[in-house]
Amino acid sequence: MNSPSGPAPDPEAAHTYPEAQIYMDHAATTSVDERVLAAMMPYFSASFGNPSSIYSLAQDGRKALDESRDTVAAVLGARSGEIAFTSGGTEADNLAVKGAALALRGVGNHIVTTAIEHHAVLHACEQLEQFGFEVTYLPVDGDGLVSPDSVGAALTEQTVLVSVMLANNEIGTIQPVPEISRIVRERAQRDDRTIVMHTDAVQGAGYLSLDVGELGVDLLSLSAHKFYGPKGVGALYVKRGTPLEPQIVGGGQERRRRSGTENVPGIVGLAAALEFAESRREATVKHCSRLRDRIIDGLTECIEDVRLNGHRTRRLANNVNVSFQAVEGEPILLGLDFAGISASSGSACSSASLEPSHVLLAIGLDADLAQGSLRMSLGHGNIDEDVDSLLNVLP
Ligand code: PLP
C-alpha cells in the first residue's frame, strides 16, 4: 500500500490515501504532500492579502510569491524574473506555443512539434493553423523517440517555434531535448534569426533534471499536481529576451506575461513541492525504476502477448505502459479497481473519449492494440507489496 511507513525515498513525505488503495496513476495526478499543504495554509486566511497591494497586510503574500519564484528558479538554474506562474500545465503550454508564435508572426509562420505531444500543445498548434500558421507534426519511431535530425530537416526559413516534450505522459519515453535544442540554436545562429525552443516538462519534474541551461530551452512548462503539489497551478520558464505575447491580459501581473491576481497558496505549494521533488529526485528514480522493472519483467513473464509501449531504457522511472492482444483496456481497469488498484488506460486527459490514444497510434499500434493498453505510473510512496498485488491480480 502507499504508506509513509514503506521504504520510500523521502521518509518525511506524508500522504493520505484511502485505506487499502494501491495508487498507480501518478502521471494523472498526485496527492498533495502534507508538508506542502502546511506551507500553503497561511496564505488562504491569515496572510490572504493581494500581493499587488501596498499595505503591510499584503506583504506576506508578496514575500511568499518572491521566495517561491526564487525557489523554482533555483531548481531550473534560471533567474527569478524568468519564472511566470500560470493556472497549470495546460495554460503554460498554451502561453508558450501561442505566445511565442504570435509574438513572432512578423518573422515567420512555421512551427515544428511532434505527433505525440500532450493535447495542450497539439490543440494550441491546431488553433494557430486557423490563423495562418503551418505546423509540422513530426513522426516518432516505434519507441516514441523523435530524431534530432528530423527536427533539423523540418526547419524552414519560416520556422519560429519548436516544441518537443521532455517526457511523454502516456509511454514515458524521454526525448533528446538537449540535442534538439542544439540543432535549433545552431540554425537560428546561422540564419541570424529567432527560433524559440519550448519543452513541456510536466511529466519530467521529480524524475529528470530541469536545468534549462543543460536542456538548452527558451520555454519550459511545469504543473504542480504532477509532483505532489496542488492542482490548478503551474509555471512557465521564459528565458530573458524570449518574444512572448501574453494570452491572458488584464492587470499586468507576472511581468505582463500572465495577468490575474496570483494564486499565492498554490504558488507557495508549487515551489515547496518542486523543492521536495528535486531534493529526493535521485532516490525516487532509483526506487521507482526498480519497481517499474519488476512490473515489466513480471508481466512479460506471466502474460502472453504483452507488449511494452515506449522505450525500454529511455523512459521515465515511474512509467509502465503495456498493451494486450484481444483485450480492451477499460475492463482491465475496472477489474483492477475492484482489486483496489488505480491505474489508467491511455492518458487521463483523453479518457473521456473512446478514441484510441494518438500516442499509441503514432508509435505504430493498430487501433485494437491501442485500445488494449494499460498505464501504471508509480510514485515514491509505492512499495514492493503494491507490485506483488498487481502481479497477482493482473494475469
Ligand atoms: N502536459 C503534459 C505532458 C501532461 O501530462 C499534462 C497533464 O496530464 C499537461 C500538460 C496538462 O497539465 P495540467 O493538468 O496542469 O493542465
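Tabulated data for the structure shown
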{"item": "Residues (farther than 22 Å from MET40 by Cα and open to solvent by less than 30 Å² (accessible area, probe 1.4 Å)) located in the stretch 245-263", "result": "GLY252"}
{"item": "Residue match in the stretch 352-369 (condition: crowded, with 20+ Cβ neighbours inside 10 Å, at pLDDT below 95 and assigned to a strand (DSSP E or B))", "result": "no"}
{"item": "Lone unmet requirement of (1) within 16 Å of the ligand (Cβ to nearest atom); (2) in contact with a strand residue (DSSP E or B) (Cβ under 6 Å, 6 or more places away or on another chain); (3) at pLDDT below 95 for GLY346", "result": "(2)"}
{"item": "Residues of the stretch 218-229 satisfying the condition of being within 13 Å of the ligand (Cβ to nearest atom) and open to solvent by 10 Å² or more (accessible area, probe 1.4 Å)", "result": "HIS225, LYS226"}
{"item": "Restricting the stretch 14-35 to residues that are modelled with pLDDT under 80 and small (Gly, Ala, Ser), the residue that is least open to solvent (accessible area, probe 1.4 Å)", "result": "ALA14"}
{"item": "Residue match in the stretch 210-217 (condition: touching a residue at least 12 places away in the same chain (Cβ under 8 Å), buried (at least 22 other Cβ atoms within 10 Å of the Cβ), of a type in the set (Asp, Glu) and within 28 Å of VAL72 (Cβ to Cβ))", "result": "no"}
{"item": "Verdict on GLU282 being more than 29 Å from GLN127 (Cα to Cα) and open to solvent by 50 Å² or more (accessible area, probe 1.4 Å)", "result": "yes"}
{"item": "Tabulated pairs, the stretch 335-362, first within 17 Å of SER377 (Cα to Cα), second within 13 Å of the ligand (Cβ to nearest atom) and at pLDDT below 85, C-beta under 6 angstrom, 6+ apart or interchain", "result": "SER357/GLY346"}
{"item": "Number of positions in the stretch 288-308 that are open to solvent by less than 50 Å² (accessible area, probe 1.4 Å), in a helix (DSSP H, G or I) and either farther than 30 Å from VAL327 by Cβ or of a type in the set (Val, Ile, Thr) (or both)", "result": "2"}
{"item": "Conditions (1) farther than 24 Å from MET165 by Cβ; (2) open to solvent by less than 60 Å² (accessible area, probe 1.4 Å); (3) part of a loop (DSSP other than H, G, I, E, B): number failed by HIS311", "result": "(1)"}
{"item": "Listing of helices (runs of 4 or more DSSP H) fully contained in the stretch 25-120 that carry 2 or more residues being away from the ligand (no atom under 16 Å from the Cβ) and either among the acidic types (Asp, Glu) or within 23 Å of LEU138 (Cα to Cα) (or both)", "result": "59-76, 89-103"}
{"item": "Given (1) touching a residue at least 40 places away in the same chain (Cβ under 8 Å); (2) part of a loop (DSSP other than H, G, I, E, B), number of the condition VAL160 does not satisfy", "result": "(2)"}
{"item": "Flag if TYR55 is of a type in the set (Ser, Thr, Tyr) and free of Cβ contacts under 8 Å to residues at least 24 places away in the same chain", "result": "yes"}
{"item": "Residue check, LEU391 within 20 Å of ALA28 (Cβ to Cβ) and not in a strand (DSSP E or B)", "result": "no"}
{"item": "Matching residues, the stretch 230-243, being near the ligand (Cβ under 10 Å from one of its atoms), of a type in the set (Gly, Ala, Ser) and surrounded by 24 or more Cβ atoms within 10 Å (Cβ to Cβ)", "result": "GLY234"}
{"item": "Test set (1) open to solvent by 10 Å² or more (accessible area, probe 1.4 Å); (2) of a type in the set (Gly, Ala, Ser); (3) touching a residue at least 24 places away in the same chain (Cβ under 8 Å) - ALA101 fails condition number", "result": "(1)"}
{"item": "Number of the exception - ILE183 against (1) farther than 25 Å from ARG280 by Cβ; (2) outside any helix (DSSP H, G or I); (3) of a type in the set (Val, Ile, Thr)", "result": "(2)"}
{"item": "Counted residues, the stretch 159-198 - those being closer than 16 Å to VAL140 by Cα and open to solvent by less than 20 Å² (accessible area, probe 1.4 Å)", "result": "16"}
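Each row is one residue, and each column tells you yes or no for (1) farther than 29 Å from ASN309 by Cα; (2) at pLDDT 95 or above; (3) under 20 Å from the mean Cα position of the chain (by Cα).
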site	(1), (2), (3)
ASN169	no, yes, yes
VAL196	yes, yes, yes
ALA224	no, yes, yes
GLU262	yes, yes, no
LEU270	yes, yes, yes
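The values are calculated or read from the model by the stated rules, or taken from the named source; none is laboratory data. For clarity, every value in this text was computed on a predicted model and none was experimentally measured. When we count neighbours, we look across all protein chains shown, and the Cβ atoms used for this are built from the backbone with ideal geometry, even at glycine. These area figures cover heavy atoms from the full protein model, side chains too; ligands, DNA and RNA do not enter into them. Shrake-Rupley method; radii C 1.70, N 1.55, O 1.52, S 1.80 Å.
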